[in-house]
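The values are calculated or read from the model by the stated rules, or taken from the named source; none is laboratory data. Here the structure is a predicted model, which means the values were calculated and not measured. Note that each Cβ is placed from the backbone with ideal geometry, even for glycine, and that neighbours are counted across all protein chains shown.
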Amino acid sequence: MGPAEGIRRRGFRKWYERELVESHLFLVSAFLCLIAVVALLESVSTAEGRAAQAGLVILAAAAGGVGFRAWYQFQRQLARAERFGDQAHCPACDAYARFEVLAAGEPARPVEDGMDHPWIKVRCRRCRREWVME
């Protein structure tokens, strides 16, 4: 589900809160994977046999991959929430998070940072001004 659909279903404030909580869960997951990598690599020296050592190294590499992916997801989700959170003020009346979603789509221009940057066209519920959050 994209940000526009989530905002439409839950409202901006609940969507924003949920994005922050989910992103920090990814951060905790990345941290736990880092601990697992360190513990597995430390236990390689005490393991008996090459097969056991190789298995621990493979597990450490897998935990590192999962941790890297969790870190990437944390950064991506947090950046998206902050980007939309910074633009949630109505330019006319300065109402925060009081808008309805009119339309949404993917960016028309190439993305330099590799993150997804969808746009959302919204209308203020107070003054009816429309603007685009991207």
Selection within the stretch 1-42 - within 23 Å of PRO118 (Cβ to Cβ) and of a type in the set (Ser, Thr, Tyr): TYR16, SER23
Residue check for ARG10: under 30 Å from ARG125 (Cβ atoms), buried (at least 17 other Cβ atoms within 10 Å of the Cβ) and of a type in the set (D, E, K, R): no
Residue within the stretch 60-79 that is of a type in the set (A, V, I, L, M, F, W, C), under 23 Å from the mean Cα position of the chain (by Cα) and at pLDDT below 95 present: yes
Criterion violated by TRP131 - all others in (1) assigned to a loop (DSSP other than H, G, I, E, B); (2) surrounded by 13 or more Cβ atoms within 10 Å (Cβ to Cβ); (3) modelled with pLDDT of 95 or more satisfied: (1)
Flag if GLY55 is exposed (fewer than 13 other Cβ atoms within 10 Å of the Cβ) and either over 27 Å from PHE84 (Cβ atoms) or modelled with pLDDT of 95 or more (or both): no
